[in-house]
Amino acid sequence: MRTCVLLLLVTAGTVPSSALTVHVSDVNVLRGQEAVLGCSFTHQKQDRYAGNIELSWIGRKKTGPAFLQCHVKNDSSALPVDCFATEDYALADDLRQGMASLRIKHDKVSEGKYFCQVTLDGKREVSKALMLNVQVRPAILNLSLITGSAPQRLECLAEGKPIPNITWLSASGSPLTTTLEVQTLSTGSFLNSSVPYEQQDELTCRVESELGRAEQTYRPANTKRDVVLVCRTVAAALLLLAIGGVIVHRLRLRARNRHAQIPQNPGDADALQTVYSALALPEASACR
């Protein structure tokens, strides 16, 4: 009878592999941001399981080395989860709650396949794979004139993931027609587009996707508008110089007048005062 009871207890304490389920989903993250790879697990005896829980995160290949390994005994919430990892990777949740998400530092995020592997009792192991996709906002890397071909072409080099749509705009802001032989090639997250270019043209390259928009305008240095702008700038500068010269001339005249009215020597002040004198004339009788 004692033997039967012992066998029943052992059977109740183990978790069959078919009862352990791991849940993951693919993750999209913008380049330059940290990533959290979600992973959770459930099993039939989750509410009363008191055994060991082990977690391994493996990248690229399922048989490759784990860059994060964690272990905890599920009989006390006071025990810390013991993890072996670097500062670039960390456990984002509590294994005792069935959560096994991985947090990756922003500068270590790398696109590819990752495996979340959960082990119970040291032998019940289930692994699930997810895909980490790194997205890139649309941006124009370079807009330049290619003169090696005839006719010459204006080339726009851009990037974005998913690959953005590219549009060429005229100076009026309207899209160019397809008769201009727009050539567009995409490689990975890079996009290269070019159009035939004629002198004096002002064209804008615009790239956009659900992540945003970017555009850049090519303006030749010898366009009429630039010439008019330069002339106006020079005329304004000459006018300012003329006004400044008049002001300086007037200030100098005013200072010179003030200097002429002020005595050079304090002793000369008496010489500038008016002197009144009385002169006694002889009487007429005396002159006779």
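The values are calculated or read from the model by the stated rules, or taken from the named source; none is laboratory data. A quick note: this is a predicted structure, and the numbers were derived from the prediction, not measured. Using ideal geometry, Cβ is built from the backbone for each residue, glycine included, and neighbour counts are taken over all protein chains shown.
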| message | Against the condition at pLDDT 80 or above, of a type outside the set (Lys, Arg) and closer than 19 Å to Asn133 by Cβ, how does Val24 come out, does it pass? | response | yes
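Matching residues to (1) assigned to a strand (DSSP E or B); (2) modelled with pLDDT under 75; (3) farther than 15 Å from Arg124 by Cβ:
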residue: Thr3; (1), (2), (3): no, yes, yes
residue: Val10; (1), (2), (3): no, yes, no
residue: Leu55; (1), (2), (3): yes, no, no
residue: Lys61; (1), (2), (3): no, no, yes
residue: Leu68; (1), (2), (3): yes, no, yes
residue: His71; (1), (2), (3): yes, no, no
Residue hits (the range 111-127; closer than 28 Å to Gln33 by Cα and touching a residue at least 40 places away in the same chain (Cβ under 8 Å)) are Gly112, Lys113, Tyr114, Phe115, Cys116, Gln117, Val118, Ser127
When restricted to Val207, Val182, the only residue aliphatic (A, V, I, L, M), modelled with pLDDT under 80 and under 25 Å from Arg137 (Cα atoms) is Val182
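Yes/no matrix, rows are residues, columns are (1) closer than 22 Å to Glu208 by Cβ; (2) of a type in the set (Asp, Glu); (3) assigned to a strand (DSSP E or B):
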| residue | (1), (2), (3) |
| --- | --- |
| Tyr114 | no, no, yes |
| Thr119 | no, no, yes |
| Gly122 | no, no, no |
| Val126 | no, no, yes |
| Ala129 | no, no, yes |
| Val136 | yes, no, yes |
| Ser144 | yes, no, yes |
| Leu154 | yes, no, yes |
| Leu157 | yes, no, yes |
When restricted to Glu111, Glu155, the only residue of a type in the set (Asp, Glu), under 21 Å from the mean Cα position of the chain (by Cα) and surrounded by 12 or more Cβ atoms within 10 Å (Cβ to Cβ) is Glu111
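Scanning the range 114-144 for residues that are of a type outside the set (D, E, K, R) and surrounded by fewer than 13 Cβ atoms within 10 Å (Cβ to Cβ), which turns out modelled with the highest pLDDT?
Asn142
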